[in-house]
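Chemist: For reference, the structure I am asking about is given below.
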2 protein chains.
Amino acid sequence: MKVGVLASGTGTNLQAILDRVHGREGVDVVAVASDQPSAKALKRARSAGVPTAVFAQNEYAARADRDRAMAEWLAERGVELVVLAGYMRLLSPEFLERFPQRVINVHPALLPAFPGLDAVDQALAYGVKVFGATIHFVDEGVDSGAIIFQRGVELADATSADEVMAAIRPIEHELLCRAILAISRGAVSGDPDHPRRVVVRDRA
Amino acid sequence: MKVGVLASGTGTNLQAILDRVHGREGVDVVAVASDQPSAKALKRARSAGVPTAVFAQNEYAARADRDRAMAEWLAERGVELVVLAGYMRLLSPEFLERFPQRVINVHPALLPAFPGLDAVDQALAYGVKVFGATIHFVDEGVDSGAIIFQRGVELADATSADEVMAAIRPIEHELLCRAILAISRGAVSGDPDHPRRVVVRDRA
């Protein structure tokens, strides 16, 4: 399965994919794209010999144009699964139609709680005691697609986002890598009786 | 500390309080009230020798009148902490003012996800993989008060509310009893820098 990764930031999730999944069980990362020319994720990709591209918003008239160019580039490289690894923008409906049920995202909260940006700060402001991470299919909403994997972590005394992210990051890496491998094996499907419920048959 | 419990249903949380907390460390359950004359919780209270009362809505002109009568009865019995244990109604602002920061609730979800009725059914409909329970202070909103304790439980393959409740119920019982004992010890306070963050000093 050929994987394309979109990242806006430091790319620690991308690094986990490159270290643990890339080149194993027939999974290859063949493309890494970013909306940020300076994203550290691009450097990580180049270090692993993976082709990169930048699709900066200011070079396109509209979001849909940028997303179309990005989808084109990913499709040219044969991408079958698109992984959002710290990608901070909504994708256009047209992009999603191009990769139906084949775009996944990692989010640092137990969705549906705290969707959108700054999820950990939102959770700290609310005063929760359990934080967590979610891997989900991407739909047209904000972090609203069907959930593949989720894990919580109890941090009753957490007061800073750094502290929470230190606990969540390893969970994100593990669940995201597991999800990519499971999708590659054809082990991820929807419950026919309940389309929002994702069934993973052979969990590692 | 004298505790009053409000319950609408079978009263398994009440039973946990009676079994594990009542008569220990200076905590006594002195009153159990219900809005449902047939609530099994009332039977459990009588079996433990705890006075009970029913405040059925159809006997009062308005919710505020009923709540006033209930608050009066609890106050007469010297109640210092009101515990909602499967109590299915919103409390009037006047009731809450009578017991400031001294009404707590147990909710079968990781709030702020899935507030209100049928929380587990809501979570199943969404397709979450992590369920949980929350103990929180009660404010005028629906399950919106500051969180005292929370614990998640990963149930990736759950399809029925019974199955989920079987996993959540023991968590509810444990956290609710811990919260009552901690409040009784004076160990529960608000973070002065962040009023929604509850600090529990001596967790058992």
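The values are calculated or read from the model by the stated rules, or taken from the named source; none is laboratory data. Only a predicted model underlies this, so the values are computations on that prediction, with no experimental measurement involved. Cβ sites come from the backbone with ideal geometry, for glycine too, and all protein chains shown count toward neighbours. Accessible surface areas use protein heavy atoms only, side chains included; no ligands, DNA or RNA. Shrake-Rupley method; radii C 1.70, N 1.55, O 1.52, S 1.80 Å.
Chemist: Do any strands (runs of 3 or more DSSP E) entirely within the stretch A:1-116 hold 3 or more residues that are more than 17 Å from the chain's Cα centre (by Cα) and not β-branched (Val, Ile, Thr), and if so, which?
Modeler: none
Chemist: Evaluate the following for A:Ile147: is it facing chain B (nearest Cβ under 9 Å), among the hydrophobic types (A, V, I, L, M, F, W, C) and within 24 Å of A:Gln15 (Cα to Cα)?
Modeler: yes
Chemist: Next question. Which residues, taken from the stretch B:37-62, are surrounded by 16 or more Cβ atoms within 10 Å (Cβ to Cβ), under 19 Å from B:Leu90 (Cβ atoms) and either touching a Leu at 6+ places or on another chain (Cβ under 8 Å) or basic (Lys, Arg) (or both)?
Modeler: Answer for the stretch B:37-62, where residues must be surrounded by 16 or more Cβ atoms within 10 Å (Cβ to Cβ), under 19 Å from B:Leu90 (Cβ atoms) and either touching a Leu at 6+ places or on another chain (Cβ under 8 Å) or basic (Lys, Arg) (or both): just B:Ala41.
Chemist: Moving on to the next point. Only residues that are more than 12 Å from B:Ala31 (Cα to Cα) and open to solvent by less than 50 Å² (accessible area, probe 1.4 Å): list them for the stretch B:66-75, please.
Modeler: B:Arg66, B:Asp67, B:Ala69 - these are the residues of the stretch B:66-75 that are more than 12 Å from B:Ala31 (Cα to Cα) and open to solvent by less than 50 Å² (accessible area, probe 1.4 Å).
Chemist: Which members of the stretch A:143-158 meet the condition of being out of contact with any Leu (no Cβ under 7 Å at 6 or more places or on another chain) and among the β-branched types (Val, Ile, Thr)?
Modeler: The answer is A:Ile148, A:Val153.
Chemist: Let me ask you something else. For A:Phe149, state whether it is of a type in the set (Phe, Trp, Tyr) and more than 27 Å from B:Gly190 (Cβ to Cβ).
Modeler: Yes; evaluated as a whole, the condition is true for this residue.
Chemist: Do any residues in the stretch B:74-89 that are without any contact (Cβ under 8 Å) to a residue 12 or more places away in the chain have Cβ atoms under 6 Å from those of residues that are open to solvent by less than 10 Å² (accessible area, probe 1.4 Å) and not in a loop (DSSP other than H, G, I, E, B), where the two are at least six apart or on different chains, and which pairs are they?
Modeler: none
Chemist: Can I ask one more? Pairs, please: C-beta under 7 Å, at least 6 apart or cross-chain, first residue hydrophobic (A, V, I, L, M, F, W, C) and in the stretch B:52-73, second exposed (fewer than 14 other Cβ atoms within 10 Å of the Cβ) and not in a helix (DSSP H, G or I)?
Modeler: Hits for this filter: B:Val54/B:Pro37; B:Ala56/B:Pro37.
Chemist: Still on this structure: Mind listing just one residue for me: the one in the stretch A:152-166 that is more than 15 Å from A:Phe114 (Cβ to Cβ) and not acidic (Asp, Glu) and, of those, most open to solvent (accessible area, probe 1.4 Å)?
Modeler: A:Thr159
Chemist: Could you identify the single residue in B:Gly78, B:Gly86, B:Gly132 that is open to solvent by 20 Å² or more (accessible area, probe 1.4 Å) and at pLDDT 95 or above?
Modeler: Matching residue, one of B:Gly78, B:Gly86, B:Gly132: B:Gly78.
Chemist: Still on this model: Please enumerate the residues belonging to the stretch A:106-117 that are touching a residue at least 24 places away in the same chain (Cβ under 8 Å) and touching a helix residue (DSSP H, G or I) at 6+ places or on another chain (Cβ under 9 Å).
Modeler: Matches in the stretch A:106-117: A:Val106, A:His107, A:Pro108, A:Ala109, A:Leu110, A:Leu111, A:Pro112, A:Pro115, A:Gly116.
Chemist: Something else now. Taking into account only those residues within the stretch A:103-129 that are at the interface with another protein chain (Cβ under 10 Å from one of its Cβ atoms) and closer than 24 Å to A:Ser189 by Cβ, which is least open to solvent (accessible area, probe 1.4 Å)?
Modeler: Of everything passing the filter in the stretch A:103-129, A:Leu111 is least open to solvent (accessible area, probe 1.4 Å).
Chemist: Here is a check on your reading of the model: is A:Gly141 more than 12 Å from chain B (Cβ to nearest Cβ), part of a loop (DSSP other than H, G, I, E, B) and closer than 24 Å to A:Asp28 by Cα?
Modeler: Answer is no for this residue.
Chemist: Give all pairs with beta carbons closer than 7 Å in which a residue from the stretch A:156-179 that is more than 20 Å from B:Leu110 (Cβ to Cβ) and more than 13 Å from every other protein chain (Cβ to nearest Cβ) meets a residue that is at pLDDT 95 or above and open to solvent by 60 Å² or more (accessible area, probe 1.4 Å); count only pairs at least 6 apart in sequence or on separate chains.
Modeler: Here the result reads A:Cys177/A:Arg20, each pair linking the stretch A:156-179 to a residue that is at pLDDT 95 or above and open to solvent by 60 Å² or more (accessible area, probe 1.4 Å).
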